[in-house]
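Everything on this sheet refers to the single structure shown next.
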There are 2 protein chains.
Amino acid sequence: MYSYKELIEKVRQYFSDEHFTGTPAELYKPIEYTLTDGGKRIRPVLMLAATQMFDGDIDDARYAAIGIETFHNFTLLHDDLMDKSPLRRGKPTVYKKWDENTAILSGDAMNTLAWHYFLKNNNRKLPEILKTFEKTSMEICEGQQYDMNFENRTDVTIAEYMEMIRLKTAVLLGCALKIGALYGNATEEEVDNIYSFGINIGLAFQLRDDLLDAYGDVATFGKQTGTDIKDNKKTYLFLLAIQKADDSTRQRLPELFNTTPIDPSAKIQEVLDIYARLDIKKDVEDAIADLHHKAKENLDNIKRPEANKQALVEIAQQLLNRKL
Amino acid sequence: MYSYKELIEKVRQYFSDEHFTGTPAELYKPIEYTLTDGGKRIRPVLMLAATQMFDGDIDDARYAAIGIETFHNFTLLHDDLMDKSPLRRGKPTVYKKWDENTAILSGDAMNTLAWHYFLKNNNRKLPEILKTFEKTSMEICEGQQYDMNFENRTDVTIAEYMEMIRLKTAVLLGCALKIGALYGNATEEEVDNIYSFGINIGLAFQLRDDLLDAYGDVATFGKQTGTDIKDNKKTYLFLLAIQKADDSTRQRLPELFNTTPIDPSAKIQEVLDIYARLDIKKDVEDAIADLHHKAKENLDNIKRPEANKQALVEIAQQLLNRKL
């Protein structure tokens, strides 16, 4: 069994063995730029961890692992364009470094490239693997659309928010694990459990992200705290605060989230004060712990030796224990 | 054997049996808008014609036929956004009717939907069918990129132009026919010939399109003539004229293609006069006839009863004999 660190190294090696070049250069340069700059490669590592957990040969999942990371990066590329985000992983986004049309077209090509990699290994389970990937792709589009819709709505419920982050973030983790399991020798029930594990970890991961934005340590988290508040993003924290607030606060919060002051520090502080008064941090931590517990149950349902699960357990801990 | 008209009716029926609805509506409405408004459905009709030509059951190709038309419409949707085209088939384009982000995301979803349809029929040749589709998708991205590159170049050769239209237009016709043949019982050699037939027809189709833009009858062609000249598009006609021109005309033409007068009629007339002096129309007609001849040879290489080929021959004639 490979350790978590060894799996990361495997994925790093897979990527450095690939060449994302081609002609015309105007199409392939942005793809190369996007795919060779690292990132955490969480999804391919999850996939390989699932393959080995079910006694498969991780090299069988090699191209699917590259495929899922390629797909993930395509979604980031188009999302950055839609959100007009100038930076990704500390570097200019494709639409900023080149232009909008380059971002649209090289993103489309990267989407196709993901399929190219998935098709490289003609496994007997290929149709099921591809259907899982296709279904997930569509769900991610739906999640992104819900996310955009929520920007213009003032009545988003917590249930709707959880469904949005399930589609936008969690299903791709579930998909990576499920496909990894299919490259192994998992039973149908095991596949279902590993998928649910991915969903629960994914939801917890996103809630943690919401929490870190408000309370994270800038040095560890790597981005400025309070940006969600500054950008009026209706995160889990905001929606929970609305739900728990008394009448006057329930009026005040949306008012604050309707402003974009040049210096946002007073606004951020007022919102954080409201969150503190309503004990939001504790509630979100409880919700994360609950999801983590469910994920653990999913894993417990899978009767494989603990050694097989070790890498996956480590990844989950790594994902969920990023410093506040 | 179904006639050309019956195949069109089949495709029409396939599409009216599908429902392109879903939630969130903001994602699916533009897909439904794009896929239910008709168009000529050339690619699915070609696919079915190839399936029956090789004694296959056209219903086996049903979902692939929907898939290829869905993919084609996705490329139009993103192309219209990149070109900032306000109209398509007489209706506002998605980016105009909604907005740019809607066009990006619903296009991405339509691309995924194409794969969804291709995956619906688990034929034993599915991996080969999907690889053909994936390769073609990538080539179309490359073709679109070359097309965008050419806008900023003054030294495009005719060979480069032919390669661009091969990638941007012809390969999808070849792909439709090849996949249709794979759903039939074609040999490898037959598959190669039907693919080449599609390429040659596709190239001829695009040259015909260039010609029609300059010389087409507005009523029959359905769009204004001279728009390529007005928009400074370096078509086959322009590139051929540059190649054949004397020194002074070789200077004058690019000058004209560097202007965008509010009333373009004088500019269009001057360019058409140059084309007339250089006998461009005749040369393009010869090039089209040559491609048509090659396509006929491809078809002759396939030793199947003439009755099997009838529908395909009719479609090719229909495509290439649109009135000037």
Rel. contact order, % - alpha carbon contacts under 8 angstrom, at least six apart, chain A: 20 percent
Cβ-based net charge around B:Ala103, under 13 Å, with every Lys or Arg adding one and every Asp or Glu removing one: -4
Contact order relative to length for segment A:65-171, counting C-alpha pairs under 8 Å separated by 6 or more residues, stands in percent at 25 percent
³J(HN,Hα), Karplus 6.51/-1.76/1.60, whole Hz, each residue of segment B:251-257, x for Gly, Pro: 7, 5, 4, x, 4, 4, 7
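Based on the Cβ-Cβ distance from B:Lys40 to B:Asp300, what FRET efficiency comes out when R0 is 30 Å, to the nearest 0.05? Spell out each step's value before the answer.
Numbers: r = 26 Å, r/R0 = 0.87.
Once the sixth-power term is evaluated, E becomes 0.70.
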Using only Cα atoms, find the angle between the long axis of helix A:4-17 and the longest principal axis of chain A, and express it within 0 to 90 degrees, rounded to the nearest 10. 70 degrees
Nm distances between copies for A:Glu100, ranked from closest, using label points 7 Å along Cα→Cβ: 0.2
About its Cα centre, segment B:4-320 carries a charge dipole, from +1 on Lys and Arg Cβ atoms and -1 on Asp and Glu Cβ atoms, whose size in debye to the nearest 20 is 440 debye
Other chains' Cβ within 10 Å of B:101-110 residues: what's the mean? 6
On a full-extension model of 0.36 nm per residue, what is the gain between A:Val313 and A:Asp231, subtracting their alpha-carbon distance, rounded to one decimal in nm? 26.1 nm
Report, in debye and to the nearest 20, how large the dipole of the protein assembly as shown comes out about its Cα centre when Lys and Arg carry +1 and Asp and Glu carry -1 on their Cβ. 60 debye
Convex hull volume per residue for segment A:206-309, taking Cα atoms only, in Å³: 112 Å³
Pop the C-beta distance of B:Lys125 and B:Glu163 into the FRET formula with R0 = 22 Å and round what comes out to the nearest 0.05. 0.15
Which residue, A:Asn193, A:Leu48, A:Asn122, has the largest displacement toward the positive end of the dipole of chain A when charges sit on each Cβ (Lys, Arg +1; Asp, Glu -1)? A:Leu48
A correct Karplus calculation of ³J(HN,Hα) over segment A:78-93, with 6.51 cos²θ - 1.76 cosθ + 1.60, θ = phi - 60°, whole Hz and x for Gly and Pro, returns 6, 4, 4, 5, 5, 8, 6, 7, x, 10, 9, 6, x, 10, x, 6
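Give the calculated FRET efficiency between B:Ala266 and A:Ala25 to the nearest 0.05, with a Förster radius of 41 Å applied to their Cβ-Cβ distance.
On the way: r = 39 Å, r/R0 = 0.94.
Taking R0 as 41 Å, the efficiency between B:Ala266 and A:Ala25 is 0.60.
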Starting from the Cα of B:Asp17, step 7 Å along the direction of its Cβ; do the same at B:Asn149; then give the gap between the two resulting points in nm. 4.3 nm
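Multiply the residue gap between B:Glu285 and B:Lys97 by 0.36 nm, knock off their C-alpha separation, and tell me the result in nm, one decimal place. The partial results should precede the final answer.
Details: separation 188, 0.36 × 188 = 67.68 nm, distance 3.78 nm.
That works out to 63.9 nm of additional length.
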Highest mean first, how do A:195-201, B:173-179, A:51-57 rank when packing is the count of other Cβ atoms within 10 Å averaged over residues? B:173-179, A:195-201, A:51-57
Say we join alpha carbon atoms closer than 10 Å with springs in a Gaussian network model of chain B; which of B:Leu48, B:Leu237, B:Leu172 then has the biggest fluctuation? B:Leu237
Given springs between every Cα pair under 10 Å in a Gaussian network model of chain A, which of A:Met47, A:Met164, A:Met138 has the largest fluctuation? A:Met138
So for each of A:110-118, A:205-213 I average, over its residues, the number of other beta carbons within 10 Å; can you give me the resulting order with the highest mean first? A:110-118, A:205-213
Could you run the Karplus curve 6.51 cos²θ - 1.76 cosθ + 1.60 with θ = phi - 60° over segment B:51-56 and give me ³J(HN,Hα) per residue in whole Hz, x for Gly and Pro? 4, 6, 4, 9, 6, x
Quantify how strongly other chains surround peptide B:141-154 by giving the mean number of their Cβ atoms within 10 Å of each of its Cβ atoms. 4
How large is the dipole of segment A:95-174 about the Cα centre if only Lys and Arg carry +1 and Asp and Glu carry -1, each at its Cβ, rounded to the nearest 20 debye? 540 debye
Mind telling me which of B:Gly184, B:Gly39, B:Gly143 comes out most flexible in a GNM of chain B, alpha-carbon contacts under 10 Å? B:Gly39
Where does helix A:25-35 land angle-wise versus the long Cα axis of chain A, in degrees 0 to 90, nearest 10? 80 degrees
Each label sits 7 Å from Cα toward the beta-carbon; between A:Tyr2 and B:Asn185 the label points are separated, in nm, by 4.6 nm
Take every Cα pair under 8 Å in segment A:206-309 that's 6+ residues apart, average their separations, divide by the length, and report that relative contact order as a whole percent. 27 percent
How many Cβ atoms of partner chains, on average, are near each residue of A:118-130 if near means within 10 Å of its Cβ? 3
Report, in degrees rounded to the nearest 10, the 0 to 90 angle that the Cα long axis of helix A:188-215 makes with the longest principal axis of chain A. 40 degrees
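Quick note: the coordinates plus some simple rules give every number you see, no bench work behind them. The structure displayed is predicted, hence computed values, not measured ones. Reconstructed Cβ throughout: ideal geometry from the backbone, glycine too, with neighbour counts over all protein chains shown.
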